[in-house]
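Remarks on the structure that follows.
The values are calculated or read from the model by the stated rules, or taken from the named source; none is laboratory data. None of the values given here were measured: they were computed from a predicted structure. Here the Cβ positions follow ideal geometry from the backbone for every residue, glycine too, while neighbour counts run over all protein chains shown. Remember, those area values only see protein heavy atoms, side chains included, never the ligands or the DNA or RNA. Shrake-Rupley method; radii C 1.70, N 1.55, O 1.52, S 1.80 Å.
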Amino acid sequence: MEAKESRPQGFPELKNDTFLRAAWGEETDYTPVWCMRQAGRYLPEFRETRAAQDFFSTCRSPEACCELTLQPLRRFPLDAAIIFSDILVVPQALGMEVTMVPGKGPSFPEPLREERDLERLRDPAAVASELGYVFQAITLTRQQLAGRVPLIGFAGAPWTLMTYMVEGGGSSTMSQAKRWLYQRPQASHQLLRILTDALVPYLVGQVAAGAQALQLFESHAGHLGPQLFSRFALPYIRDVSKQVKAGLQEAGLAPVPMIIFAKDGHFALEELAQAGYEVVGLDWTVAPEKARERVGKTVTLQGNLDPCALYASEEEIGKLVQQMLNDFGPQRYIANLGHGLYPDMDPEHVGAFVDAVHKHSRLLRQN
């Protein structure tokens, strides 16, 4: 029961639990809302805080992560905070070098090219101890939030992390990573298992540090068709939720709701709804009513306004939000964008989105 003892005690009492109630499928007075990448470059104060620092140095500074996580909450009445970090801290903790190249994105100078490259990776059991800075950031942020809203922790799913580690960065086709799936299925499963074994203690550690919900990002689901997805992505997505839940219980920690967001994974909605997550996040290409029909009433849905809708006028944003809320229905629903905020978005329009969700969802419940 060691984890229980090392858990920071005495967090401030939570004042707004609307997001958590919706995630668990309980009734709420209004629809809670948060945004993926809400701590980001669209905020001038974010750009100022980050200006002098290398991206991953920022990730390794608990104080900087805390400040960046809190910035959007000072501006907008969001219903959840998500810790500022990056999914690629996990490959780093496994011993791979990752740099953030301005204007290009993440880059791995020595990606995994051959099966034998897997031997370079550190023992996945050591990953959580390498990522203590994330846990510190979560604990500090949870204290600084002073119970205003819940704090979400997150990680990248195994397949998505594998794509970066094999491709060496972003890619429009993921052809190198997919080549592994076709030519080296055994080695692919070995890598995905290593990543799963690294993610489970990392996510349990986030909860021990103070995270009140967890989101798994399968950002590159869309590069797989239904068959590859069900062989190389879904089993590990399922494993993560099952083992994290077991790990929390073992550590004497209360369960937290888990969210799976598989971008462009619309072909696997039914499977994702049965993968052991309380919430299924949808991207903007999915029609809410159809999604609800397909997943049934046992999970909460999250999403899914097109991020580019925030380029519209504030009045138009209000109409689009109203339509989205009507389509999803009032309960078992968390409002969000269908992907992250873009750097050139007007913060005023983000505010209009958040306000419109609160306003229209209250009206929807009265009628």
Check your understanding: For the stretch 192-290, what is one quarter of the convex hull surface built on the Cα atoms, given in nm²?
Key -> 6.3
**Study point:** Per residue solvent-accessible surface (Å²) - the stretch 106-162, probe of 1.4 Å
**Key:** 40
Study note, to complete from the structure: Counting Lys and Arg as +1 and Asp and Glu as -1 over every other residue whose Cβ sits under 13 Å from the Cβ of PHE217, the net charge comes to -2
Check your understanding: Put +1 on the Cβ of every Lys and Arg and -1 on every Asp and Glu Cβ in the chain; which of LEU88, SER241, ALA352 then has its Cα farthest towards the positive end of the dipole?
Key -> SER241
Review point. Considering only protein heavy atoms and a 1.4 Å probe, what is the carbon-and-sulfur percentage of the accessible area of the chain?
Key: 48
Study note, to complete from the structure: Measuring from its Cα centre, the chain shows a charge dipole (+1 at each Lys and Arg Cβ, -1 at each Asp and Glu Cβ) which, in debye to the nearest 20, is 420
Practice item. Could you work out the local net charge near ALA287, counting Lys and Arg as +1, Asp and Glu as -1, over the other residues with Cβ closer than 14 Å to its Cβ? Key: -2
Check your understanding: Using a Gaussian network for the chain with springs between C-alpha atoms less than 10 Å apart, which of these wobbles most: HIS349, HIS339, HIS220?
Key -> HIS349
Exercise for review: Mind telling me which of TYR182, TYR202, TYR342 comes out most flexible in a GNM of the chain, alpha-carbon contacts under 10 Å?
Suggested key: TYR182
**Study point:** Square roots of five times the Cα gyration tensor eigenvalues for the stretch 244-306, Å
**Key:** 25, 11, 10
**Study point:** Magnitude of the charge dipole, the stretch 61-116, Cβ model with Lys/Arg +1 and Asp/Glu -1, debye to 20
**Key:** 200
**Study point:** Lys/Arg +1, Asp/Glu -1 at C-beta; the chain dipole; positive extreme among LEU78, GLN215, LEU192
**Key:** LEU192
Check your understanding: Using alpha carbon centroids, what distance separates the stretch 10-49 and the stretch 284-302, in Å?
Key -> 21
**Study point:** Cβ charges +1 (Lys, Arg) and -1 (Asp, Glu), total dipole of the stretch 218-367, debye
**Key:** 700
Revision key, fill the gap. Given a 1.4 Å probe, the accessible area of the stretch 200-343 per residue, as a whole number of Å², is 36
Practice item. Could you run the Debye sum over the Cα atoms of the stretch 259-367, one equal point scatterer each and no solvent, and tell me log10 of I(q)/I(0) at q = 0.18, 0.21 Å⁻¹, two decimals? Key: -0.85, -1.09
**Study point:** Ratio of the Cα radius of gyration of the stretch 207-250 to 2.2 N^0.38 Å, where N counts its residues
**Key:** 1.40
Study note, to complete from the structure: In nm, the gap between the two label points placed 7 Å beyond Cα toward Cβ at GLU316 and GLU293 is 2.9
Exercise for review: Report relative contact order for the chain in percent, whole number only (criteria: Cα-Cα under 8 Å, sequence separation at least 6).
Suggested key: 23
Exercise for review: Bin all alpha-carbon pair distances of the stretch 6-115 at 5 Å intervals from 0 and give each bin's fraction as a whole percent.
Suggested key: 2, 9, 15, 18, 16, 15, 11, 8, 4, 1, 0
Point to revise | Accessible area in square angstrom per residue, the stretch 1-97, 1.4 angstrom probe | key: 45
Point to revise | Within a Gaussian network of the chain (alpha carbon springs, distance under 10 Å), most fluctuating of THR173, THR69, THR28 | key: THR173
**Study point:** Within straight-line cross-link reach of LYS263, lysines at Cα separation under 30 Å, skipping those fewer than 8 residues along the same chain
**Key:** LYS104, LYS178, LYS242, LYS245, LYS290, LYS297, LYS319, LYS359
Study note, to complete from the structure: As a percent rounded to 5, the proportion of antiparallel DSSP bridges among beta bridges in the chain is 15
Point to revise | Debye-sum result for the stretch 116-248 in log10 I(q)/I(0), which assumes one identical scatterer on each alpha carbon, at q = 0.11 Å⁻¹ | key: -0.42
Check your understanding: To the nearest 500 deg cm²/dmol, what mean residue ellipticity at 222 nm is calculated for the chain from DSSP H runs of n ≥ 4 alone, each contributing -39,500 (n - 2.57), summed and divided by the residues?
Key -> -14000 deg cm²/dmol
Exercise for review: Taking the dipole about the Cα centre of the chain, with the C-beta of Lys and Arg at +1 and of Asp and Glu at -1, give me whichever of PRO62, ALA268, ALA146 is farthest to the positive side.
Suggested key: ALA268
Revision key, fill the gap. For the stretch 39-45, in residue order, the Karplus 3J(HN,Hα) values (coefficients 6.51, -1.76, 1.60; θ = phi - 60°; whole Hz; Gly and Pro = x) are 8, x, 5, 5, 9, x, 5
